[in-house]
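The values are calculated or read from the model by the stated rules, or taken from the named source; none is laboratory data. What you see is a predicted model; the values in this text were computed from it and never measured. FYI the Cβ positions are ideal-geometry reconstructions off the backbone, even for glycines, and counts take in every protein chain you see.
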Amino acid sequence: MTRLPIRWRLAAVIAVFVVAEMVGPTIENAYILHLLVLTCIYSVLVMSHNLVTGYVGLFHLCHAAFFGIGAYISALLAIHLHLPVPLTFILGALGAAISGLAVGLLSVRLGGHYFAIVSLGLGVIVYQVLNNWVALTAGPIGLSGIPLPPEIPWFGSSIPWTPHVFLAVGLIFVLLTYIVCVRIQDSKVGLIMKAIRENELAAACVGIRTHKVKVAAFTIAAFLAGCAGGMYAHYSRMLVPEQYSFISSVELVAMTVLGGLGSFGGSIASATFFTIVPEMLRVAGQWRLEVFGALLVIVVLFFPRGMAGLGALIWAGVAWLCSRLGAQNVAKWGASRGVA
Amino acid sequence: MALLELSDVTKRFGGNEVISRASFDVREGTITAVLGPNGAGKTTLFNLITGVLRPTSGDIHFDGQSITDMPVPEIVRMGVARTFQKLRLFKNLTAEQNVTLSRLSLGTVPWLFAFIGSKGSRQEEKRAVEVASELLFFVGLAGFEQTRAGSLAHGQQRVLEIARAMALNPRFLLLDEPMAGLNPDESSRLAGSLLRIRERGITILLIEHHVDVVMDIADRIVVLDFGKVIADGAPEQIQNNPQVIAAYLGGKVN
């Protein structure tokens, strides 16, 4: 792939970002606003999951645990030690990164299915601790009274943290995470990660220190998941262990696969799909989740590369159209996107 | 001078001794071939030298330094590169990316600089692409830079593995049956390439079943049978060695 499309892609994403930031404040329906904030948080989470599963090719089942660790550390530090929220947020993300480092070290020793099972166990441990250490986490009742971040100073006055502000900040988070992921993808780091996914032994035999790459990828992904957790904690101001269970990790895997392994744009699309569509299906009444499940099956059956595959198909269509209109350069670019 | 030295190397899988007390050395700047019937332990020997497997006992020295317990990537960084009998390309990457990866993995630009796209990292990438296109030309894959490695023909995949190994700038190249599945024309062209690689000062250790080609290009031949080195010498000596004939034809040794 040439350099140009990457710039175009970034430009397109930034354009979408600007439009979203402008549309955000005009939304008055509180429920839709809530769903959009959740979409932002889940987008960050799914992109970070994709970095490990889609790039390094390490299938794991404890990503929701990193999300939970970030959320609970930030919330508990803010509640009990009264630390300012931006600081607790960073500490939460660092806490998640350290646990990611530990899991990454384990992944070095264990291959494939064995690692997936061990990661499942680790995820369950985190959930059990959150659920049963009632003195610290309030257990299944849920941790409440989580403070809001301090108001943002703005030319003498200050902006309180309304859902609109959360949406604006959430969008910035999505954009930053996307840029980080795409930069990793386009630099030699991404190529090295892909090599490990393709063939680990061959990667080692061209001098790639596969252990270090795996640990680094896990640490970065867990850090990003911890950020998503901190954001969720101070937005919802109420944490329930159920959100960080094994089922949530499986949902994240589903979201990543649905979006397309290795496609970060697909991850955002998939996070949006998973957050919004079940709500739109409320018209189906009690059959809501069954219909949603059927939709998932259909998408996976017809688009095995997930939403990224769907996107590629659209690009191929655009390329065809452009070639008919005589815009050869754009057509060529579109075709390369369609194949990639 | 010996670049590679194996002394009393033994490898057991459970009770099965695959390599038993193998000792030989490879002199710098030569092509050494490893011959032997199927199951003689040739590929295991390669895996031991490159660190993919650890010997049960014995020592392996490269350039005077012990590499017996060194991890695979560190051995690569000492200048040992290999190809695989059962191809192990990065199938979903392009031919060019397969080769640039070797350069970039040994690159000195720290990840953080690569991540922010610093000038140094862009130069490193540009240089890697240049080296890749030179090597792809060298092995006859010019024009296939942007082709997915998995979509190349079998013979092209074989030489792509060689280009990928060459991009590591090795001092020592291990080739595991590079001519398997090639037609006579392709094999003789590859034989020519191997001689040119030797001219570049790169030492080659080669596993090959095309005995006629081996006799032509090898400076020295090591013959393995049931994990034991049964002969070691110049091609003419090996040709007339009764033990070798026995191993291949199943005759009796007097």
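Worth pointing out:
- Out of A:Ala75, A:Ala93, A:Ala20, sole residue that is touching a Leu at 6+ places or on another chain (Cβ under 9 Å) and closer than 17 Å to A:Phe223 by Cβ: A:Ala93
- Top-ranked residue in the range B:12-26 [being touching a strand residue (DSSP E or B) at 6+ places or on another chain (Cβ under 6 Å) and in contact (Cβ under 8 Å) with a residue 60 or more places away in the chain; ranked as surrounded by the fewest Cβ atoms within 10 Å (Cβ to Cβ)]: B:Ser23
- Candidates A:Glu279, A:Glu290, A:Glu251, filtered to the one that is at pLDDT 85 or above, assigned to a helix (DSSP H, G or I) and charged (D, E, K, R): A:Glu251
- Check on B:Ala114, at negative phi, surrounded by 15 or more Cβ atoms within 10 Å (Cβ to Cβ), in a helix (DSSP H, G or I) and more than 8 Å from chain A (Cβ to nearest Cβ): no
- The range A:99-110 - residue that is within 24 Å of the chain's Cα centre (by Cα) and without any contact (Cβ under 8 Å) to a residue 60 or more places away in the chain and, of those, surrounded by the most Cβ atoms within 10 Å (Cβ to Cβ): A:Leu106
- The residue of the range A:157-209 that is nearest to the other protein chains (Cβ to nearest Cβ), among those that are among the hydroxyl-bearing types (Ser, Thr, Tyr) and free of Cβ contacts under 8 Å to residues at least 24 places away in the same chain, is A:Ser187.
- Taken together, the residues in the range B:156-175 that are of a type in the set (D, E, K, R) and more than 11 Å from every other protein chain (Cβ to nearest Cβ) amount to 2.
- Note on the range B:145-188: residues that are farther than 19 Å from B:Arg82 by Cα and assigned to a loop (DSSP other than H, G, I, E, B) amount to 6.
- Considering the range B:52-103, the residues that are basic (Lys, Arg) and within 12 Å of chain A (Cβ to nearest Cβ) include one that is farthest from B:Val18 (Cα to Cα), namely B:Arg103.
- Qualifying residue in the range A:7-28 (condition: modelled with pLDDT of 85 or more, assigned to a loop (DSSP other than H, G, I, E, B) and in contact with a helix residue (DSSP H, G or I) (Cβ under 8 Å, 6 or more places away or on another chain)): no
- The range A:265-291, residues that are surrounded by 23 or more Cβ atoms within 10 Å (Cβ to Cβ) and within 14 Å of A:Ile41 (Cα to Cα): A:Ser267, A:Ile268, A:Ser270, A:Ala271
- Checked against the criterion of being surrounded by fewer than 16 Cβ atoms within 10 Å (Cβ to Cβ) and modelled with pLDDT of 90 or more, the range B:235-245 has no qualifying residue.
- Residues of the range B:117-128 satisfying the condition of being more than 9 Å from chain A (Cβ to nearest Cβ) and among the polar types (S, T, N, Q): B:Ser118, B:Gln123
- Only one of the listed residues (B:Ala149, B:Ala153, B:Ala142) is over 19 Å from B:Ile217 (Cα atoms), out of contact with any His (no Cβ under 9 Å at 6 or more places or on another chain) and within 14 Å of chain A (Cβ to nearest Cβ). That residue is B:Ala149.
- Whether a residue is of a type outside the set (Val, Ile, Thr) and either modelled with pLDDT of 90 or more or outside the structural domain of A:Glu251 (by TED's automatic domain parsing) (or both) was assessed, and A:Phe59 does not pass this test.
- Scanning the range A:118-149 for residues that are part of a helix (DSSP H, G or I) and surrounded by 15 or more Cβ atoms within 10 Å (Cβ to Cβ) yields a count of 13.
- Flag for A:Leu87 being surrounded by fewer than 16 Cβ atoms within 10 Å (Cβ to Cβ) and in the same structural domain as A:Leu122 (by TED's automatic domain parsing): yes
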